[in-house]
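The values are calculated or read from the model by the stated rules, or taken from the named source; none is laboratory data. In this text, all values refer to a predicted model and were calculated from it rather than measured experimentally. Cβ: placed from backbone, ideal geometry, glycine included. Neighbour counts: every protein chain shown.
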Ligand SMILES: Cc1cc2nc3c(=O)[nH]c(=O)nc-3n(C[C@H](O)[C@H](O)[C@H](O)COP(=O)(O)OP(=O)(O)OC[C@H]3O[C@@H](n4cnc5c(N)ncnc54)[C@H](O)[C@@H]3O)c2cc1C
């Protein structure tokens, strides 16, 4: 499991990273925490000839409150999400989800930007950001654009970020005081989710599911049932509606549907408590 040869390039700014992407075309990949890309390269599922390291760029690092928004640099590591006091105050759901990712080593290297651009359906942060209705900023040759998270995840491992763009920031509306729950069912401690549920309560509860389709999905039928006055037992029964879970060695689709309903019930019970 040794990757094919590649050229290592360290960008000195986002503009420099964009220039390097333009110079190297489809052969280049951005490298941030490396905890998704390098395993793929070792398995030869990805074979970029150039890696452009963006991990330490000041423009991609930093956690700040901007009015009623929490703004996270794309290179913010999972461990920072877990421990940062501003995140704990303004987006406790994100802190809870980040704390469940892999082991301390993974959390110390993996980044929020890398996680959502990689867009693994079993990853925890994509569904969490869907529940939080985040807005993602990317920069490319034509400037800067904002993408609502609901339009970000297109298909398995595919997002709205183009190969010549850099994801720079993620903005989340302050959810201080709203009850939240992150439920994750794993086969072993520190594993990826077989199924996960990110839920935030309040006037308009929002629930999103991990690993119940090729992309993270909102449990819209649950949200609708709750706003129609259903109790949590009834609402949770709708959790797998509109989903298309896969069957694999760890769980078949029927079991994933069962888990989605059970974990959603647990999440709703926690936010109602
Ligand atoms: C052993 C192990 C266990 C894990 N367990 C979990 C888990 O339980 N839950 C979970 O959610 N995840 C888990 N992960 C994945 C981990 O969270 C990854 O770190 C994360 O998914 C990718 O972040 P990264 O910074 O390492 O990205 P990289 O590997 O550096 O990059 C991933 C992809 O995103 C692109 N990219 C990165 N940053 C940007 C950017 N700013 N703009 C545009 N493109 C960019 C890269 O080009 C690449 O295509 C695990 C990983 C490992 C190795």
- Within region 54-64, how many residues turn out to be more than 13 Å from the ligand (Cβ to nearest atom) and exposed (fewer than 13 other Cβ atoms within 10 Å of the Cβ)? 2
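Suppose we filter 133, 169 for residues that are touching a residue at least 40 places away in the same chain (Cβ under 8 Å), on the phi > 0 side of the Ramachandran plot and out of contact with any helix residue (DSSP H, G or I) (no Cβ under 6 Å at 6 or more places or on another chain); which single one remains? Explain how you work it out, then say what you get.
Working: 169 fails: on the phi > 0 side of the Ramachandran plot.
From the options 133, 169, the qualifying one is 133.
Hey, which of the helices (runs of 4 or more DSSP H) in region 82-187, taking only ones fully inside, have at least 3 residues that are crowded, with 18+ Cβ neighbours inside 10 Å and near the ligand (Cβ under 10 Å from one of its atoms)? Reasoning before the result, please.
Details: elements: 85-90, 92-99, 104-109, 112-118, 124-131.
The qualifying helices (runs of 4 or more DSSP H) are 112-118, 124-131.
Tell me, please, whether a residue that is buried (at least 23 other Cβ atoms within 10 Å of the Cβ), modelled with pLDDT of 95 or more, part of a helix (DSSP H, G or I) and within 10 Å of the ligand (Cβ to nearest atom) can be found in region 28-46.
First, the residues of region 28-46 that are buried (at least 23 other Cβ atoms within 10 Å of the Cβ): 30, 32.
Imposing the further condition that a residue be modelled with pLDDT of 95 or more reduces the set to 30, 32.
With part of a helix (DSSP H, G or I) added as a condition, the list becomes none.
Within region 28-46 (the criterion being buried (at least 23 other Cβ atoms within 10 Å of the Cβ), modelled with pLDDT of 95 or more, part of a helix (DSSP H, G or I) and within 10 Å of the ligand (Cβ to nearest atom)), the answer is no, since none of the residues qualifies.
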- Message: I need the full set of residues from region 9-19 which are away from the ligand (no atom under 12 Å from the Cβ) and part of a helix (DSSP H, G or I), in order please.
- Response: 15, 16, 19
- Query: Of the residues in region 220-273, how many are at pLDDT below 95 and in contact with a helix residue (DSSP H, G or I) (Cβ under 7 Å, 6 or more places away or on another chain)?
  - Reply: 1
